[in-house]
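The values are calculated or read from the model by the stated rules, or taken from the named source; none is laboratory data. This one's a predicted model, so the numbers in the text were calculated from it and none came from an experiment. Cβ sites come from the backbone with ideal geometry, for glycine too, and all protein chains shown count toward neighbours. Heads up: the accessible areas ignore ligands, DNA and RNA and are worked out on the full protein's heavy atoms, side chains in. Shrake-Rupley method; radii C 1.70, N 1.55, O 1.52, S 1.80 Å.
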Amino acid sequence: LLPPHFADLALVSGTAIVLLVAIATSKIKGVELVGKKALSLLSTLLLWFLVVAAFFDFFDFIVLTYSNTAGDVAAWDLLKGDNIWLTILHVGGYLAGFLILIRKSGRENTGKMATAAVVILIAVAAYRYSLVTTGLFVPLLPFLKGNLYLPSWSEIATSLGVISLACLCYLILIKKLP
């Protein structure tokens, strides 16, 4: 179920980013660019996408728990062992975002919406990092030597540079465009 799971996570991430950008633009410009009703509907959509993602995760956890294949057992052991902090961040982020957005006040208050969006984005990032790095560990790929992946400083700097460039372009555009 990885392809539909990734598609749903793209919807979760995209909706959370659009929600954050809309709220940030309104705060920076001091003008309500998007109405409260639209933001509320967007946060409701984010909630439903998150519920679907949680369903896929629950199904994945069930498969990993009851599977007898060596790869699934090793992956589950890593998610419960060395990568438990990523699993906690992933599941805890989903739960926190859900608990914020399930209440009507969470879907009407822009501060709560922004908080939920940030927490959900961190949870999705933890899931994706865990998914990629778990497949690189020694028990799953025994023919590779010493394959614990940690990003180098140049990879981190490049990623931060791309994100910073996007933020800079965004800030320039909201100042120059009407």
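Quick one: ranking 2, 150 by accessible area, 1.4 Å probe, largest first, what do you get? Present the calculation step by step, with values, prior to reporting the outcome.
Values: 2 85, 150 125 Å².
Listed by decreasing accessible area, they come as 150, 2.
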Out-of-range pairs (alpha-carbon distance over 22 Å; input 112/175; 27/176; 36/112; 104/175; 37/175): 112/175; 104/175; 37/175
Between residue 168 and residue 31, how high is the FRET efficiency from 1/(1 + (r/R0)^6) when r is the Cβ-Cβ distance and R₀ = 25 Å? Nearest 0.05. 0.75
With every protein chain present, what accessible area does residue 37 have (1.4 Å probe, heavy atoms only), rounded to the nearest 10 Å²? 150 Å²
Largest to smallest principal axis extent of the C-alpha atoms in region 18-62, angstrom: 47, 18, 8
So, with points 7 Å from each Cα along the Cβ direction, the residue 41-residue 6 label distance in nm works out to 3.1 nm
Of the listed peptides 98-109, 47-58, 164-175, what is their order by residue-averaged count of other C-beta atoms within 10 Å, with the highest listed first? 47-58, 98-109, 164-175
On full extension of the chain, what length is gained from residue 103 through residue 152, given 0.36 nm per residue of separation minus the C-alpha to C-alpha distance? 13.5 nm
Taking R0 as 41 Å and r as the Cβ-Cβ distance between residue 112 and residue 68, the FRET efficiency 1/(1 + (r/R0)^6), rounded to the nearest 0.05, comes to 0.40
